[in-house]
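Novice: Shown below is the structure under consideration.
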Amino acid sequence: MVLKKQSVFFSVQNLYDDNHRDLLIAVNLALQARSMLRRDVDYIIEDGRIKLVDEFTGRIVEDRKWQNGLQAAVEAKEGLVVQSEGRILNSISLQHLMNCYPKISGMTGTAQHAAEEFANFYGLGVTVIPPHKPCQRIDHPDRILTHKAAKVKAIIEEVEKVHQTGRPILIGTLTVKESEELQAEMQRHGIPSTVLNAKNNELEAAIIEQAGMPGAVTISTNMAGRGTDIMLGGREQRSKQAIVAAGGLHIIGTNRHENLRIDYQLRGRAGRQGDPGSSQFIISMEDDLMTRYRLKSLLPEQLRNLRQDEPIRHATITRSIAQAQRIIEAQLYEIRLNVHQYAHFIEKQRIIFFNRRQDIFLSEETRLKEYNLFQHDLLWSHYMNDIAALREGIHWQRMAGKNPLQEFYKSSDAMFRQLMEDLEDKLRDPGSINVSELEVKRPSSTWTYLVNDNPFKNPLALMLGSIGHQVDLLAGPLMMVMKMFGWPKRKD
């Protein structure tokens, strides 16, 4: 029925005919933009432009775009001016960029949880430094509700109870939209609150400074308090003793996350530097994590269709959610490892190519030097875009019973050999090119994307016996630093 409507709307007999390939791609991009990417969740609109929100930090990421036309589809969906996508001039993964430094190190309170990843991607060990003062934070067991309305009611009741004691409260939400909806609910119940999210991140310092004041209620995405302490009693700490006596900062988490480190980081906002504090996750079986991975199917059958205002009291649920989070984390790690394997092969080619270019760059000035550099940059740009196209469709190799990674290696190796042959031909016969006209401008932007060579099934979905959540167009684990430029159309 849908295909018939599409064919009638676009006046074509068969949308899947090779002659309508560009139209089919445009339709698929429009569907993704309309159904899978959500305003105030995956992105916000600011100054007439789409700005992507980092799902791990809750912050706007400048100069990050979706690729292959998806950015333009979202801009069209929101009625904005469609920006030029440009062309890729060069790329490097953040892992490889970091490894260009002679020494790398870092410090975070959740490093131990990612020790395997630090070792495999960066060759770094993790050392745990004991806290200067013992942690006094009390982490309460999760309160799990059957549906979202019951969860919101439970959150309001929790805030009202704690608010009466004068303790400051920090509520961690999953999205910009959820933080604003929860603030509206607080207003309906007469509870004053402050929101911190990607829309007002310029106010972060001022909001965090007040978040530790007596009776303060702060609603925030993941960005709140990252890299800084919420000081009990504010900067002057005049009311600190009264807040300490009342129990310190209270954390309420409204969702569990795919990445357990985010949950730990939210809990860690309370009980800093030996201060007292507490944390409580209040979640529902309708939350994003539960529905995205269909976690209800992991529960006993008698618990799957419950609908009540009281929390579910069954040890199986807590264990099942914790188990699912571990499986999801393992799955996401495998995806990052998979992406790294794709990027590592191209990185080896990049080093070979740019070592050659560097030799030319450092050579004596000649009439053809600029021409040689221009040809290196031009052909490499074409190659980067060809590789992006290869990577975009590599998952179809799995449908043919082949290993996508091995097929990617074979295809990109053949393409690289052809690149080097084309370069030799260009440098051998410069023709009548006017070297003075070869001027290349190189503004840059940062894109983030995931490579998924199997978008039809993932490990967790196989376990659940369902298609599950697809991750091939989500921004997150791998960033590619890409120099962009609007090249003229390639002439074959």
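The values are calculated or read from the model by the stated rules, or taken from the named source; none is laboratory data. Remember, it's a predicted structure, so these values are computed and weren't measured experimentally. Note that each Cβ is placed from the backbone with ideal geometry, even for glycine, and that neighbours are counted across all protein chains shown.
Novice: Is there a residue being outside any loop (DSSP other than H, G, I, E, B), within 25 Å of the chain's Cα centre (by Cα) and at pLDDT 90 or above anywhere in region 236-246?
Specialist: First, the residues of region 236-246 that are outside any loop (DSSP other than H, G, I, E, B): 240-246.
Narrowing the set further to residues that are within 25 Å of the chain's Cα centre (by Cα) leaves none.
Looking through region 236-246, none of the residues is outside any loop (DSSP other than H, G, I, E, B), within 25 Å of the chain's Cα centre (by Cα) and at pLDDT 90 or above.
Novice: Separate question: Yes or no: region 226-236 includes at least one residue that is over 17 Å from R267 (Cβ atoms) and buried (at least 19 other Cβ atoms within 10 Å of the Cβ). If you could, list the steps in order and put the result at the bottom.
Specialist: Pass one, region 226-236, residues over 17 Å from R267 (Cβ atoms): 231, 233-236.
Of the ones still in play, those that are also buried (at least 19 other Cβ atoms within 10 Å of the Cβ) are 231, 234.
Yes, there is a match, as at least one residue in region 226-236 is over 17 Å from R267 (Cβ atoms) and buried (at least 19 other Cβ atoms within 10 Å of the Cβ).
Novice: Scan the helices (runs of 4 or more DSSP H) fully inside region 67-156 and keep the ones with 1 or more residues being under 30 Å from L182 (Cα atoms). First the steps, then the outcome.
Specialist: On the way: elements: 70-77, 94-98, 115-122.
By residue number, 70-77.
Novice: Within region 19-61, which residues are in contact (Cβ under 8 Å) with a residue 40 or more places away in the chain, within 18 Å of S84 (Cβ to Cβ) and either acidic (D, E) or surrounded by 17 or more Cβ atoms within 10 Å (Cβ to Cβ) (or both)?
Specialist: L29, A33, K51, L52
Novice: I'm told Q302 meets every condition in (1) in a helix (DSSP H, G or I); (2) crowded, with 22+ Cβ neighbours inside 10 Å except one. Can you identify the failing condition by its number?
Specialist: (2)
Novice: Right, another one. Select from region 178-202 the residues that are touching a residue at least 12 places away in the same chain (Cβ under 8 Å), over 16 Å from I45 (Cβ atoms) and of a type outside the set (S, T, Y) and list them in ascending order.
Specialist: The answer is E178, L182, Q183, E185, M186, H189, I191, P192, V195, L196.
Novice: Kindly indicate whether any position in region 163-171 is under 26 Å from M107 (Cα atoms), in contact with a strand residue (DSSP E or B) (Cβ under 8 Å, 6 or more places away or on another chain), touching a residue at least 12 places away in the same chain (Cβ under 8 Å) and in a loop (DSSP other than H, G, I, E, B).
Specialist: First, pick out the residues of region 163-171 that are under 26 Å from M107 (Cα atoms): 170-171.
Filter again for in contact with a strand residue (DSSP E or B) (Cβ under 8 Å, 6 or more places away or on another chain), leaving 170-171.
Filter once more, keeping what is touching a residue at least 12 places away in the same chain (Cβ under 8 Å): 170-171.
Of the ones still in play, those that are also in a loop (DSSP other than H, G, I, E, B) are none.
Among the residues of region 163-171, not one is under 26 Å from M107 (Cα atoms), in contact with a strand residue (DSSP E or B) (Cβ under 8 Å, 6 or more places away or on another chain), touching a residue at least 12 places away in the same chain (Cβ under 8 Å) and in a loop (DSSP other than H, G, I, E, B), which makes the answer no.
Novice: Have a look at K153, K177, K133 and point out the one that is farther than 23 Å from A322 by Cβ, surrounded by fewer than 13 Cβ atoms within 10 Å (Cβ to Cβ) and either in contact with a strand residue (DSSP E or B) (Cβ under 8 Å, 6 or more places away or on another chain) or charged (D, E, K, R) (or both).
Specialist: After ruling out the rest, the residue left standing is K133.
Novice: Mind checking which residues of region 355-371 are in contact with a Phe, Trp or Tyr (Cβ under 9 Å, 6 or more places away or on another chain) and in contact (Cβ under 8 Å) with a residue 24 or more places away in the chain? Please lay out each step first, then the result.
Specialist: Taking region 355-371 as the starting set, the residues that turn out to be in contact with a Phe, Trp or Tyr (Cβ under 9 Å, 6 or more places away or on another chain) are 357, 369.
Matches in region 355-371: none.
Novice: Against the condition modelled with pLDDT under 85 and either among the acidic types (D, E) or closer than 30 Å to P131 by Cβ (or both), how does D42 come out, does it pass? Working first, answer last.
Specialist: On the way: modelled with pLDDT under 85: no; either among the acidic types (D, E) or closer than 30 Å to P131 by Cβ (or both): yes.
Against the criterion (modelled with pLDDT under 85 and either among the acidic types (D, E) or closer than 30 Å to P131 by Cβ (or both)), D42 does not qualify.
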